Amino acid sequence: MKYITLLIGLLVAGCTTIPVKELTAEEKEVVGGYQSKYNGNTFKYIFMENGRGEWFLDGKKEQEFKWKIINGEIHAEDDDIYIYRINDDLSITYIGIIRDGKRDDSIKFADITFKKIK
């Protein structure tokens, strides 16, 4: 009898679904591709609905990352957290980095702005 109860419990637990996080309106606006050209190179970001992203350099995938919006800024995390401002025209601009838990807004890569492409 114990085994039947355990088996039924496992079957019920296996049938439960984990709710998918609903995207906020701000997150929905961010989802998509962004591109910028700088020093003869093409940089591209893809922000996906599942909170994941991909970064490309000249068409070659370089990095995967996780992203979320915190206080109206995009935080894209791999080893460090790269911070982007969301502009009124839905482009994004790199504004800082969080490294070892410390935010640094002084490290600028020529204030690169990425235009939304899709």
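Extension gain, GLU29 to GLU49, is 6.2 nm, computed as 0.36 nm per intervening residue step minus the present C-alpha separation. Between LYS68 and GLU22, the modelled label-to-label distance comes to 1.9 nm, taking each label 7 Å out from Cα in the direction of the beta carbon. Within the straight-line cut-off of under 17 Å between alpha carbons, the aspartates and glutamates reachable from LYS116 are GLU26, GLU27, GLU29, GLU49, GLU54, ASP58, GLU73, ASP88, ASP89, sequence neighbours fewer than 8 places apart in one chain being disregarded.
Taking 19 Å as the straight-line reach from the Cα of LYS102, the lysines in range (excluding those fewer than 8 positions away in the same chain) are LYS66, LYS68. Between ASN87 and TYR38, the simple spin-label model (points 7 angstrom out along Cα→Cβ) gives 1.3 nm.
Laboratory data are not the source of any read-out in this text; all were calculated from the coordinates shown. Bear in mind the structure is a predicted one, so any value in this text is a computation, not a measurement. Quick reminder, even Gly has a Cβ in these numbers, built from the backbone with ideal geometry, and neighbours come from all protein chains shown.
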